[in-house]
1. Could you please give the count of residues in the range 132-160 that are surrounded by fewer than 20 Cβ atoms within 10 Å (Cβ to Cβ) and among the polar types (S, T, N, Q)?
2. Would you check which residues across the range 226-276 are in a helix (DSSP H, G or I), within 14 Å of the chain's Cα centre (by Cα) and aliphatic (A, V, I, L, M) and list them?
3. List the residue pairs whose Cβ atoms are under 7 Å apart, where the first residue sits in the range 28-50 and is of a type in the set (Lys, Arg) and part of a helix (DSSP H, G or I), the second is modelled with pLDDT of 95 or more and open to solvent by less than 20 Å² (accessible area, probe 1.4 Å), and the two are 6 or more positions apart or on different chains.
4. For Leu185, only one of the following conditions fails: (1) modelled with pLDDT of 95 or more; (2) in a loop (DSSP other than H, G, I, E, B). What is its number?
5. Filter the range 31-63 down to residues that are small (Gly, Ala, Ser) and closer than 21 Å to Phe256 by Cβ and give me whichever is surrounded by the fewest Cβ atoms within 10 Å (Cβ to Cβ).
6. Residue under question is Gly28, and the condition is that it be surrounded by fewer than 21 Cβ atoms within 10 Å (Cβ to Cβ) and either β-branched (Val, Ile, Thr) or farther than 24 Å from Ile145 by Cα (or both); does it hold?
7. If you take the residues of the range 236-258 that are among the acidic types (Asp, Glu) and free of Cβ contacts under 8 Å to residues at least 60 places away in the same chain, which of them is most open to solvent (accessible area, probe 1.4 Å)?
8. Are any residues in the range 115-166 part of a strand (DSSP E or B) and of a type outside the set (Val, Ile, Thr), and if so, which ones?
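The values are calculated or read from the model by the stated rules, or taken from the named source; none is laboratory data. These numbers were taken from a predicted model, which means no experiment stands behind them. Note that we place each Cβ from the backbone using ideal geometry, even for glycine, and neighbour counts take in every protein chain shown. Note: areas computed on protein heavy atoms with side chains; ligands, DNA, RNA excluded. Shrake-Rupley method; radii C 1.70, N 1.55, O 1.52, S 1.80 Å.
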Amino acid sequence: MSPMSTGPSIDPITLGDVLPEGAGHGCGPLITVVVPLNFPGLTTETRSLVVRFTRSALTMLVELGARVDVIDISRDAPFSIDEEAGGVMLLGGGDVDPTLYGHTGFVGNLYGVDRGTDERTLAAIDAGLGLEVPILGICRGSQMINLACGGTLIPDLGEHNIHRGRDGEPMFLDDTVILAEDSRLARILSRSRMIVRNGHHQAVNEVGAGLRVVARGVDGVVEAVEHESKWIVGVQWHPEDTDGSAEDREALFRSFVEHSTAHAAAKCGSRTTPAV
């Protein structure tokens with residue numbers, strides 16, 4: 001781990017803090033999970049959230065039969081996506097460096113920015129795109145998918161942002177999102193309006209090539225994108241938050257695992273076509 005990743009009084013997060021039992025012993029597809037476990041300014045509160053959210057996501061994958069290979073992308077170390085991987089999942093973390101998408105002015109409320117982590121994450125996405133595997137991005141992961149496809153972000157939603165708790169309140173809150181009825185995401189979740197767990201102040205702005213907006217907040221802020229032809233889905237909210245809907249988490253992760261299974265089978269010459 002890079003020595004700048006955490007403050008001196010906060011223990012760095014390790015793989016042992018987040019890996020559930022049986023992470024490498026399932027009979028399903030190998031899922032590469034890309035997550036920045038540590039970032040500058042990590043506090044006791046954010047450390048607890050990263051551990052809880054990451055462990056929840058990994059546990060859900062394992063319960064669905066997947067094997068997981070976790071890459072802590074905050075480590076300045078060589079990494080690769082296994083060619084046997086059936087899918088790539090990108091989890092949340094600190095803010096994306098605004099200069100990465102051309103914004104050079106002042107940005108309020110920035111936290112956890114690490115340009116090296118951003119660049120390594122983009123490299124991981126490029127590797128996943130090259131392997132043509134299903135990709136699921138959550139929060140920061142969704143934003144990075146958009147950047148990898150040439151899009152941009154809104155660096156700060158401002159003081160009237162309804163998608164994150166205010167000062168003195170819990171960071172994450174229940175938030176309403178509206179899904180496009182003709183989207184893959186709406187079919188997976190079986191409805192076009194839902195309550196999600198949100199805690200963000202950045203969001204997709206210009207949409208990357210091949211992607212389309214498939215969910216917005218009640219204020220119009222982009223809450224999800226998906227690829228027009230490939231199984232690439234990015235959600236701005238946190239389905240892995242254990243304070244949210246377990247049913248929605250399972251539905252989204254199950255679709256991802258099923259398509260990852262189909263991709264792995266296709267590479268072996270089998271043919272399995274999941275529904276959505």
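1. Of the residues in the range 132-160, 1 are surrounded by fewer than 20 Cβ atoms within 10 Å (Cβ to Cβ) and among the polar types (S, T, N, Q).
2. Correct list: Leu252 only.
3. Qualifying pairs under 7 Å: Arg47/Ile13.
4. (2)
5. Ser56
6. Yes, satisfied.
7. Within the range 236-258, the subset among the acidic types (Asp, Glu) is 240-241, 243, 247-248, 250, 258.
Now restrict to residues that are free of Cβ contacts under 8 Å to residues at least 60 places away in the same chain: 247-248, 258.
Working: Glu247: 134, Asp248: 24, Glu258: 84 Å².
Out of the qualifying residues, it is Glu247.
8. Leu136, Gly137, Leu153
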